[in-house]
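Visitor: Okay, handing you the structure first.
The values are calculated or read from the model by the stated rules, or taken from the named source; none is laboratory data. Treat the numbers as computed from the prediction; the structure is a model and nothing was measured. Here the Cβ positions follow ideal geometry from the backbone for every residue, glycine too, while neighbour counts run over all protein chains shown. Only protein heavy atoms, including side chains, enter the accessible area calculation; ligands, DNA and RNA are left aside. Shrake-Rupley method; radii C 1.70, N 1.55, O 1.52, S 1.80 Å.
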Amino acid sequence: MKLSEKVVLITGGSSGIGAQIARLFAAEGAKTIITYHISSESAHTLAGEIKKSGGRMECFQADLQKETDIAQLFEKISKVYGHLDILINNAGRTFNVSFSEITEESIHQDLNTNLLSAMLCSKYAVPLMKGRGWIVNTASIRGLPDSGRTGIMGYCVAKAGIVSFTKNLALELAPKICVNAVAPGFVHTQYLDKNVSQELKESWINQTPMRELVDIKELSEIYLLLATSRAMTGAVIVADGGYSILNR
């Protein structure tokens with residue numbers, strides 16, 4: 001097992017990409033912790049699923065837009081586990097706000113949810129890593145150069161911030177802690193199936209060179225690579241089926 005006895009924290013781990021990372025990491029032997037804000041039922045259902053299959057997982061509630069909650073979260077991890085080996089900064093959300101309708105509040109919401117949480121979680125995680133560890137951030141193709149999207153400017157700006165933060169933190173923490181990011185494209189999740197029309201999904205598929213949505217299990221394996229390798233730091237791995245090479 002690649003993560004035997006490793007202590008791993010996955011923010012935003014109750015569903016989607018975070019939940020699949022939790023499944024894989026627990027299967028690889030990690031002592032897995034996920035955070036949730038309001039999705040208590042989903043988080044505890046996932047924990048039950050993982051424990052039933054022989055894995056280890058705990059759920060901690062936290063509002064990652066508040067530094068006080070983040071500080072309490074890491075204090076709890078320190079008391080229960082004594083250290084942290086891997087941090088997956090995965091918490092994030094897209095808010096659909098057109099440029100003409102953005103406000104100070106909407107800007108703070110985008111940045112706090114998608115950027116501030118990762119920066120502060122990293123700040124509190126590093127002392128628990130005892131000088132050696134891994135941080136993997138979830139960016140997005142929308143944070144890459146030449147790959148914006150109308151209607152979600154705040155999200156795109158925040159994810160561009162994640163890319164820059166990843167590179168800066170990698171330099172700050174080398175050589176002891178590796179810091180990398182994954183920039184997913186259109187990932188096949190349950191959320192997508194429930195909330196996105198088949199017509200829109202097909203349009204995304206038709207615009208992607210590989211002609212398919214990103215498989216969530218394959219995506220989680222990229223996180224596993226970045227959470228175990230010492231060969232990379234400051235890297236942003238794009239997982240989008242080739243979509244971003246078209247500069248759309």
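Visitor: Accessible area per residue of the range 141-218 at 1.4 Å probe, in Å²? Let's see the in-between values first.
Guide: Values: 4350 Å² over 78 residues.
So the range 141-218 comes to 56 Å² accessible per residue, rounded to a whole number.
Visitor: Considering only protein heavy atoms and a probe of 1.4 Å, how much of the accessible area of the chain is carbon and sulfur, as a whole percent?
Guide: Here carbon and sulfur together make up 52 percent of the probe-accessible area.
Visitor: Would you tell me the accessible area of ILE141, worked out with a 1.4 angstrom probe on the heavy atoms of the protein chains, in Å² to the nearest 10?
Guide: Only protein atoms counted, so the area is about 0 Å².
Visitor: Starting from 0.36 nm per residue, how many nanometres of slack lie between ILE205 and ALA235 once their C-alpha separation is accounted for? Please report the intermediate quantities before stating the final value.
Guide: Values: separation 30, 0.36 × 30 = 10.80 nm, distance 2.61 nm.
Additional length available on full extension: 8.2 nm.
Visitor: Assuming R0 = 45 Å, what is the FRET efficiency of GLU172 and LYS52, from their Cβ-Cβ distance, to the nearest 0.05?
Guide: The formula returns an efficiency of 0.65 here.
Visitor: For LYS201, go through the aspartates and glutamates and keep the ones whose alpha-carbon is under 18 Å away, minus same-chain ones fewer than eight residues off.
Guide: ASP193, GLU212, ASP215, ASP240
Visitor: Which of the peptides 201-209, 213-221, 101-109 is most tightly packed, and how do the rest follow, judged by the mean count of other Cβ atoms within 10 Å per residue?
Guide: Per-residue mean Cβ counts within 10 Å order the peptides as 213-221, 201-209, 101-109.
Visitor: Summing Lys, Arg as +1 and Asp, Glu as -1, what charge do residues with Cβ under 13 Å from the Cβ of LYS76 carry, LYS76 excluded?
Guide: Surrounding charge for LYS76 is -2.
Visitor: While we're here: Any idea how far apart GLU212 and HIS83 come out in nm if each label point goes 7 Å out from Cα toward Cβ?
Guide: Those two pseudo-labels are separated by 4.0 nm.
Visitor: Counting only Cα, what are the radius of gyration and maximum Cα-Cα distance Dmax of the chain, in Å?
Guide: Expressed in Å, the Cα Rg and Dmax of the chain come to 17.3, 51.
Visitor: If you bin the C-alpha pair distances of the range 48-135 every 10 Å from 0, what whole percents do you get?
Guide: Distribution as computed: 15, 38, 29, 13, 4, 0 percent.
Visitor: Are any of the pairs LYS51/LYS79; LYS52/LYS194; LYS51/LYS159; LYS76/LYS130 more than 24 Å apart by Cα-Cα distance, and if so, which?
Guide: Result: LYS52/LYS194; LYS51/LYS159 exceed 24 Å.
Visitor: For the range 178-248, what is the largest minus smallest coordinate of the Cα atoms on each principal axis, given in angstrom and ordered from greatest to least?
Guide: 42, 26, 15
Visitor: Shifting gears a bit: Could you state the orientation-averaged shadow area of the convex hull built on the Cα atoms of the range 133-235, in nm² to one decimal?
Guide: The directionally averaged projection comes out at 7.3 nm².
Visitor: With a 10 Å radius around each residue's Cβ, average the other Cβ atoms per peptide and rank 42-50, 64-72, 192-200, highest first.
Guide: 42-50, 64-72, 192-200
Visitor: For LEU225 and ARG93 in the same chain, what is the full-extension length gain: residue separation times 0.36 nm, less their Cα-Cα distance, in nm?
Guide: 45.1 nm
Visitor: Quick check: residue separation of LYS130 and GLU5 times 0.36 nm, minus the Cα distance between them. What number comes out in nm?
Guide: That pair, LYS130 and GLU5, stretches by 43.5 nm at full extension.
Visitor: Express the accessible area of the range 72-123 per residue in Å², computed with a 1.4 Å probe while the remaining protein chains stay in the model.
Guide: 54
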